[in-house]
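These notes are about the structure you will find just below.
The values are calculated or read from the model by the stated rules, or taken from the named source; none is laboratory data. Nothing here was measured: the structure is a model prediction, and the numbers come from that model. Using ideal geometry, Cβ is built from the backbone for each residue, glycine included, and neighbour counts are taken over all protein chains shown. In case anyone asks, the SASA skips ligands and DNA or RNA and just uses the protein heavy atoms, side chains included. Shrake-Rupley method; radii C 1.70, N 1.55, O 1.52, S 1.80 Å.
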Amino acid sequence: MMMRWKDLSDRHDRLLKEVTIALVGKYTQLEDAYSSVIKSLQHSSLCVSHRLNLRCIEADHLEAAMMKENPSKYHDAWHQLVSANGVLVPGGFGKRGVEGKCLAANWARTNNKPFLGVCLGLQCAVIEYSRNVLGLEDAHSTEFNPKTKNPVVIDMPEHNTGQMGGTMRLGKRKTLFNTESSILRKLYGKQSFVEERHRHRYEVNPTIVSQLEGEGMKFVGRSEDGERMEIMELQGHPYYVGVQYHPEYLSRPMKPSAPYLGLLLASTGKLSTYVTRGFRLSPHLSYSEGNDEELDEEIAQLSIEKSDSVESTS
Ligand SMILES: NC(=O)CC[C@H](N)C(=O)O
């Protein structure tokens, strides 16, 4: 175990190549709102032997209103976005910045840039696609526009209690793959299902799914009853993936999260080689190696040993 850690930290120090990821979010909230997202990006960038250059882009700086209000912020945000190797729209709540997140999803889609949408990020990709590909101009989530004529993201039936939106869908749940050709399925190690953690109140409207799929936006992973859209993949794009769950909660340094790993592989131009090699990682890191609890225990043990030695030398 110690050897693996040493190897990992040596590799990090030796890395010369950089990968730039644009994280399009809201940065006036809690400082560590995105800490597990950023850690997951680091796990995966190390796995693909690149140093992570993270660009935190304020989503509403990408919106047209900002062009008038503060043109330099607007142009700077767009410059940061378009010069990144990959785009990540993470989870979130509240209306501010949603249009900017949809614009980022649109840019990545139409420019063949690797994209990962997590939770709200997936919902933004669906809203953007419904507006610009299905031609439903006012398509929206009822979270942000309850009166839209085209509610493509809706509150989930069992949570629609009429009072304060009810509770959230939380915790570890199963997602079943419905096709072998899914890129995420391959990245997860060709399993027929995955278990990931959830934290949301809204979901893709099942009544719009056949129209979206008819235009190439495929929902390749669904809940056990088939009702909930959990994984979206866009056909014909190098890597345009959305997940309704939060894969960052289960990412570990030596077991990077599959959707994040896919983003980093695609952003460093390694995804197709990885696919043709039969999805084997370098011998330094193995996606399927080790079990989570064992790893956590070993990590905890390591940090205790480390702080002991710090104390003894001071
Ligand atoms: N965690 C999230 O990103 C939540 C997304 C959205 N606000 C919902 O409740 O469904």
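Summary of computed values
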{"item": "For region 204-210, Karplus couplings with θ = phi - 60° (6.51, -1.76, 1.60), whole Hz, Gly/Pro x", "result": "5, 5, x, 6, 9, 4, 5"}
{"item": "Cα-centred dipole magnitude for region 166-275, charges only on beta-carbon of K, R (+1) and D, E (-1), debye, nearest 20", "result": "480 debye"}
{"item": "Debye, to nearest 20: dipole size of region 86-215, +1 on Lys, Arg Cβ, -1 on Asp, Glu Cβ", "result": "440 debye"}
{"item": "Cut-off 12 Å between beta-carbons: net charge of the residues surrounding Met67, Lys and Arg +1, Asp and Glu -1", "result": "-2"}
{"item": "Estimated distance in nm for a label pair at Asn132 and Asp7, the labels positioned 7 Å out from Cα along Cα-to-Cβ", "result": "4.2 nm"}
{"item": "D_trans [Stokes-Einstein, Kirkwood Rh over alpha-carbon pairs] for region 171-214, 37 °C, 0.692 mPa s, µm² s⁻¹", "result": "267 µm²/s"}
{"item": "Spin-label model distance (nm) - Ala65 vs Phe144, 7 Å beyond Cα toward Cβ", "result": "1.1 nm"}
{"item": "Counted charge near Asn106, where neighbours are those whose Cβ lies closer than 9 Å (Asp, Glu -1; Lys, Arg +1)", "result": "+1"}
{"item": "Principal axis dimensions, region 89-146 - Cα atoms, whole angstrom, descending", "result": "32, 25, 15"}
{"item": "Positive minus negative residues near Asn145 (Lys, Arg vs Asp, Glu; Cβ under 10 Å)", "result": "+1"}
{"item": "Ser35, Ser182, ranked by accessible area, largest first (probe 1.4 Å)", "result": "Ser35, Ser182"}
{"item": "Among 211-217, 228-234, 140-146, the order from most to least packed when residues are scored by Cβ within 10 Å on average", "result": "228-234, 140-146, 211-217"}
{"item": "Euclidean distance of C-alpha centroids, region 69-131 and region 220-258, integer Å", "result": "18 Å"}
{"item": "Mean shadow area of region 191-268, taken as a quarter of the surface of its Cα convex hull (nm²)", "result": "6.1 nm²"}
{"item": "Kirkwood Rh and Cα Rg combined as Rg over Rh, evaluated for region 93-220", "result": "0.96"}
{"item": "Inter-label distance, nm, simple model (7 Å from Cα along the C-beta direction), Ser35/Phe193", "result": "3.3 nm"}
